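A quick write-up on the structure given underneath.
The values are calculated or read from the model by the stated rules, or taken from the named source; none is laboratory data. Quick caveat, the model's predicted, so the values are computed rather than measured. Positions of Cβ are generated from backbone atoms using ideal geometry, with glycine treated the same way; all protein chains shown enter the neighbour counts. We work out accessible area using only protein heavy atoms, side chains counted, and drop any ligands, DNA or RNA first. Shrake-Rupley method; radii C 1.70, N 1.55, O 1.52, S 1.80 Å.
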Amino acid sequence: MNIGKLFFIVGPSGSGKDALMSGVKPFLPPHDFLFARRVITRNATIDAEDHDSCTESEFLAREKEGDFIISWQAHGLFYGLPSSILSAINQGINVIANGSRNEILSLHKKVPSLCVIEISAPTDILRTRLMARNRETLEDIERRLERASLPLPDGVSTIQVKNDVTLEIGISRLKAALLQDTDSTDQLSQLLYQKTCGSRLSKADYEILLPAIIRHTFSLADVQAFLIACTEQLDEEEIISIAHARTLLYPRLQWPQPMVMDKHSLGGSIGNRVTMVVIPIIAAFGMLIPKTSSRAITSAAGTSDTMEVLAKVDLSFDEVKACVSATNGCIAWNGKLNHSVLDDAINSITRSFSLDTRYWAVASILSKKFTAGSTHIVIDIPFLPTGKVKTQEEATELAALFESVGQAIGLVVKAFPTDGSIPVGRGIGPYLEARDVLQVLSNDAQAPKSLMDKSKFFAAHLLSMDERIGSFDAGYQLAEELLQSGAALRSMNTIIEVQGRAKTIDLPIHHIDIFAQQDGIVAEIDGHIISGIARLAGAPTLKLAGIDLKKTTFEAVKTGEILYRIQSTDQHKLKEAYELANRQHGFVLKSANEGVHLE
């Protein structure tokens, strides 16, 4: 018979240890787990843990008789862990005990199968929770926090369980720690729990685990705990394993040409509708480029939101194939085509819990490109302090990861860091971004130069992948020719007609202008703030809502000139957006002479 484990659960005040222990109990098989009842010298109360009460003299007598494996004092009380639990452990039952970190070494000498589970949370969260209890002075709280930061003893099996998000996820993490290696847990659950606890999984593991998640085998909290662990603990080998496993989830689309192109952006910079210019350029040359894109999650418009101003994007597989057959390309919403339950789950928690999903996104994006039938891909990685990727160094590292993971699953990938702090277009919001795209394709004198230049850059890299073109310079020249000749515009119009031209939105547009309060040079435009104002105006749900930039980075501004125009078809939303812009308009101006901040 196997020997059971003693799970000794410790954690500082404010960690939520008692709540997690109480919450996990219904999820544990009672024949395999026993919750130890501590002996404590206090009366039983409704709000206290379930324990055996005794007087101090009774406790000391029992201690002398050897009734306890360990005993200790805290806060004027005596605590004892009864020796009877040793019998349960020897019978193969896992025992869970609430304990003190000071007793770990003593307990380890007596119970070789000891496993310490430390419930933890960041110091600022612990401080907030302790202050909310209003039981101690600030000095007492700081002393508690100092003790909580002390390391656990070496040589003892230890599992860290963070309780820093929701109670449900904290319970799932504790459940994972308790069940990850038990015989009563099935293989799929063990894999999920092992990753939740920080273990590395293999390609074969992910190939059986991910389909089980998609089949809704596990609870939402368990999946969320697993996905959070994936955002925190993935190395390149595991990213490749996840990408491989995800390519097996859906059948791969087959196309009549050996080279199938794609262009993708990680997002973050405002007005970045480069993809919608690149697609018709590539299609006009005769290359296949079936583009499936997402809608906005946190921005004022996604590619699908913007294309929907011009054409139907809610296409079936058959409609996508028909469009590509007729035009070489399409710009469709990916919701029907390579929708992912995994990505829905992670998107739902990314913003709430401030997750860094960049590495998970590498596997997600490339596996979707693979199943869409793409073979050659260029990826735009904008970096800016308020974006998904903060620095050029991070973007360069991520670009290399995209290329290596792509190669591992059989794709040709070129990824490029780009400065996301500079607006790529002047429109923010579906209608205004579609306007910018059409201006570029039409060679309009009002077309944003940054959108024109960036589009030609990425189109050139895709074109250069064709051995007939061979070099970036030749690809760039060809992209310019396809734009200037009108071939790219004709290609876009054909794609729009085949997908189904959108109906004109015939609604009155209301607008409010935001003016400069002094002279200066536009040193920075905070895309996070600008996108927030545009969303408050109604974008992307209201297609005509958004912001039209009248000034962009490095342009001179005089007092009273318009910085940007907010527009919406909903006057109430427009007013809310204006009120936010009055508090923080998102522009940083510097003196042309002194280079100091003016606002």
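Scan the stretch 500-513 and tell me whether some residue there is part of a loop (DSSP other than H, G, I, E, B), modelled with pLDDT under 95 and buried (at least 18 other Cβ atoms within 10 Å of the Cβ).
No, the stretch 500-513 contains no residue that is part of a loop (DSSP other than H, G, I, E, B), modelled with pLDDT under 95 and buried (at least 18 other Cβ atoms within 10 Å of the Cβ).
Scan the stretch 524-539 and give yes if some residue there is over 30 Å from K558 (Cα atoms) and either open to solvent by less than 30 Å² (accessible area, probe 1.4 Å) or modelled with pLDDT of 95 or more (or both), otherwise no. If you could, list the steps in order and put the result at the bottom.
In the first step, residues of the stretch 524-539 are kept if they are over 30 Å from K558 (Cα atoms); the result is none.
No - not one qualifying residue is present in the stretch 524-539.
Go through the stretch 195-215 and count every residue that is over 24 Å from F370 (Cβ atoms) and either open to solvent by 40 Å² or more (accessible area, probe 1.4 Å) or not in a helix (DSSP H, G or I) (or both). Don't jump to the end; show me each part of the working.
Narrowing the stretch 195-215 to residues over 24 Å from F370 (Cβ atoms): 196-199.
Pick out the ones that are also either open to solvent by 40 Å² or more (accessible area, probe 1.4 Å) or not in a helix (DSSP H, G or I) (or both) and you get 197-199.
Within the stretch 195-215, residues that are over 24 Å from F370 (Cβ atoms) and either open to solvent by 40 Å² or more (accessible area, probe 1.4 Å) or not in a helix (DSSP H, G or I) (or both) number 3.
Can we say R37 is touching a Ser or Thr at 6+ places or on another chain (Cβ under 8 Å), part of a loop (DSSP other than H, G, I, E, B) and among the charged types (D, E, K, R)? Spell out how you get there, then give the answer.
Values: touching a Ser or Thr at 6+ places or on another chain (Cβ under 8 Å): no; part of a loop (DSSP other than H, G, I, E, B): yes; among the charged types (D, E, K, R): yes.
The answer is no for R37.
Kindly indicate which of R42, R62 is part of a loop (DSSP other than H, G, I, E, B) and of a type outside the set (V, I, T).
On the way: R62 fails: part of a loop (DSSP other than H, G, I, E, B).
Every option except R42 fails the conditions.
Going through the stretch 377-411 one residue at a time, which ones are in a strand (DSSP E or B), in contact with a helix residue (DSSP H, G or I) (Cβ under 7 Å, 6 or more places away or on another chain) and not aromatic (F, W, Y)?
As a first pass, look at the stretch 377-411 and keep what is in a strand (DSSP E or B): 377-383.
Subsequent filtering for residues that are in contact with a helix residue (DSSP H, G or I) (Cβ under 7 Å, 6 or more places away or on another chain) retains 377-381, 383.
Once the filter is applied, which keeps residues that are in a strand (DSSP E or B), in contact with a helix residue (DSSP H, G or I) (Cβ under 7 Å, 6 or more places away or on another chain) and not aromatic (F, W, Y), the stretch 377-411 yields I377, V378, I379, D380, I381.
Given the conditions (1) in contact with an Asp or Glu (Cβ under 8 Å, 6 or more places away or on another chain); (2) open to solvent by 50 Å² or more (accessible area, probe 1.4 Å), and given that L401 satisfies all but one, which numbered condition is not satisfied?
Condition (2) is where L401 drops out.
Scanning for something in contact (Cβ under 8 Å) with a residue 24 or more places away in the chain and under 25 Å from A545 (Cα atoms), does the stretch 314-321 turn up at least one residue?
Yes, the conditions are met somewhere in the stretch 314-321.
Kindly establish whether L463 is surrounded by 18 or more Cβ atoms within 10 Å (Cβ to Cβ) and not β-branched (V, I, T). Even if it seems obvious, please write down each step before you answer.
Values: surrounded by 18 or more Cβ atoms within 10 Å (Cβ to Cβ): yes; not β-branched (V, I, T): yes.
Taking the combined requirement at face value, the residue satisfies it.
Which condition breaks for G76 when tested against (1) surrounded by 15 or more Cβ atoms within 10 Å (Cβ to Cβ); (2) modelled with pLDDT under 90?
That leaves (1) as the condition not met.
Does the stretch 225-239 contain any residue that is aromatic (F, W, Y) and open to solvent by 40 Å² or more (accessible area, probe 1.4 Å)? Step through it out loud before you land on a result.
First, the residues of the stretch 225-239 that are aromatic (F, W, Y): 226.
Checking which are open to solvent by 40 Å² or more (accessible area, probe 1.4 Å) leaves us with none.
Checked the stretch 225-239: no residue is aromatic (F, W, Y) and open to solvent by 40 Å² or more (accessible area, probe 1.4 Å).
Report, by residue number, each residue of the stretch 103-121 that is under 25 Å from H75 (Cβ atoms) and under 38 Å from the mean Cα position of the chain (by Cα).
If the condition is that a residue be under 25 Å from H75 (Cβ atoms) and under 38 Å from the mean Cα position of the chain (by Cα), then I104, L114, V116, I117, E118, I119, S120, A121 are the ones that fit.
Identify the residue in the stretch 395-434 that is in contact (Cβ under 8 Å) with a residue 24 or more places away in the chain and among the charged types (D, E, K, R) and, among all such residues, is nearest to G538 (Cα to Cα). Talk me through it step by step, then tell me what you get.
Let us first name the residues in the stretch 395-434 that are in contact (Cβ under 8 Å) with a residue 24 or more places away in the chain, namely 398, 401-402, 404-406, 408-434.
Now drop any that are not among the charged types (D, E, K, R), which leaves 414, 419, 426, 433.
On the way: K414: 35, D419: 27, R426: 18, E433: 15 Å.
Here the residue is E433.
Out of all the residues in the stretch 140-161, is one or more in contact with a Leu (Cβ under 6 Å, 6 or more places away or on another chain), within 19 Å of E232 (Cα to Cα) and assigned to a helix (DSSP H, G or I)?
Scanning the stretch 140-161, I find no residue that is in contact with a Leu (Cβ under 6 Å, 6 or more places away or on another chain), within 19 Å of E232 (Cα to Cα) and assigned to a helix (DSSP H, G or I), so the answer is no.
Any idea which of (1) closer than 20 Å to L178 by Cβ; (2) open to solvent by 20 Å² or more (accessible area, probe 1.4 Å); (3) assigned to a strand (DSSP E or B) is the one H108 doesn't satisfy?
Going through (1) closer than 20 Å to L178 by Cβ; (2) open to solvent by 20 Å² or more (accessible area, probe 1.4 Å); (3) assigned to a strand (DSSP E or B) one by one, H108 breaks only (3).
Could you count how many residues in the stretch 384-427 are touching a strand residue (DSSP E or B) at 6+ places or on another chain (Cβ under 6 Å) and of a type in the set (D, E, K, R)?
So the count comes out to 3.
For every residue, the table says whether it meets (1) out of contact with any His (no Cβ under 7 Å at 6 or more places or on another chain); (2) over 24 Å from L20 (Cβ atoms); (3) loosely packed, with under 15 Cβ neighbours inside 10 Å; (4) of a type in the set (D, E).
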| position | (1), (2), (3), (4) |
| --- | --- |
| I70 | yes, no, no, no |
| G80 | yes, no, no, no |
| I85 | yes, no, no, no |
| I89 | yes, no, no, no |
| I104 | yes, no, no, no |
| P112 | yes, yes, yes, no |
| C115 | yes, no, no, no |
| I119 | yes, no, no, no |
| D124 | yes, no, yes, yes |
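Does N443 count as of a type in the set (S, T, N, Q) and either in contact (Cβ under 8 Å) with a residue 12 or more places away in the chain or not in a helix (DSSP H, G or I) (or both)? Don't jump to the end; show me each part of the working.
Numbers: of a type in the set (S, T, N, Q): yes; either in contact (Cβ under 8 Å) with a residue 12 or more places away in the chain or not in a helix (DSSP H, G or I) (or both): yes.
It is true that N443 is of a type in the set (S, T, N, Q) and either in contact (Cβ under 8 Å) with a residue 12 or more places away in the chain or not in a helix (DSSP H, G or I) (or both).
Look through the stretch 5-44, keep the residues that are open to solvent by 20 Å² or more (accessible area, probe 1.4 Å) and in contact with a Cys (Cβ under 8 Å, 6 or more places away or on another chain), and return whichever of them is nearest to R129 (Cα to Cα).
T41
What's the number of the only condition in (1) under 31 Å from the mean Cα position of the chain (by Cα); (2) open to solvent by 50 Å² or more (accessible area, probe 1.4 Å) that Q484 fails to meet?
Against the list (1) under 31 Å from the mean Cα position of the chain (by Cα); (2) open to solvent by 50 Å² or more (accessible area, probe 1.4 Å), Q484 comes up short only on (1).
Considering every residue within the stretch 553-561, establish whether at least one is over 20 Å from S299 (Cα atoms), open to solvent by 10 Å² or more (accessible area, probe 1.4 Å), among the basic types (K, R) and in a loop (DSSP other than H, G, I, E, B).
Kept after step one, since they are over 20 Å from S299 (Cα atoms), are these residues of the stretch 553-561: 554-561.
Imposing the further condition that a residue be open to solvent by 10 Å² or more (accessible area, probe 1.4 Å) reduces the set to 554-556, 558-561.
From the residues that got through so far, the ones that are among the basic types (K, R) too are 558.
Retained after the next criterion (residues that are in a loop (DSSP other than H, G, I, E, B)): 558.
Yes, the stretch 553-561 has at least one match.
Any residue at all in the stretch 332-348 that's modelled with pLDDT of 95 or more, open to solvent by less than 60 Å² (accessible area, probe 1.4 Å), acidic (D, E) and closer than 25 Å to P540 by Cβ?
Checking the stretch 332-348: not a single residue is modelled with pLDDT of 95 or more, open to solvent by less than 60 Å² (accessible area, probe 1.4 Å), acidic (D, E) and closer than 25 Å to P540 by Cβ.
Identify, from the list I240, I270, I214, the residue that is under 29 Å from S352 (Cα atoms) and modelled with pLDDT of 95 or more.
Values: I270 fails: modelled with pLDDT of 95 or more; I214 fails: modelled with pLDDT of 95 or more.
Every option except I240 fails the conditions.
Determine whether Y250 is surrounded by 21 or more Cβ atoms within 10 Å (Cβ to Cβ) and over 18 Å from L355 (Cα atoms).
So Y250 does not fit the description; no.
Search the stretch 262-315 for residues being charged (D, E, K, R) and outside any strand (DSSP E or B), and hand back the single one that is farthest from N347 (Cα to Cα). Please lay out each step first, then the result.
First pass over the stretch 262-315, keeping only residues charged (D, E, K, R): 262-263, 273, 291, 295, 305, 308, 312, 314.
From the residues that got through so far, the ones that are outside any strand (DSSP E or B) too are 273, 295, 305, 308, 312, 314.
On the way: R273: 22, R295: 12, D305: 18, E308: 22, K312: 25, D314: 20 Å.
Per the criteria, the residue is K312.
Take K369 and decide whether it is assigned to a helix (DSSP H, G or I), touching a strand residue (DSSP E or B) at 6+ places or on another chain (Cβ under 8 Å), at negative phi and modelled with pLDDT under 95. Break it down stepwise before answering.
Numbers: assigned to a helix (DSSP H, G or I): yes; touching a strand residue (DSSP E or B) at 6+ places or on another chain (Cβ under 8 Å): yes; at negative phi: yes; modelled with pLDDT under 95: yes.
Taking the combined requirement at face value, the residue satisfies it.
Enumerate the pairs (first residue in the stretch 77-105 and under 16 Å from I40 (Cβ atoms); second residue anywhere and of a type in the set (G, A, S) and surrounded by 15 or more Cβ atoms within 10 Å (Cβ to Cβ)) with beta-carbon separation below 6 Å, excluding pairs fewer than 6 apart on the same chain, so at least 6 apart or on different chains.
Matching pairs, first to second residue: G80/S71; L81/A97; I85/A36; A97/A36.
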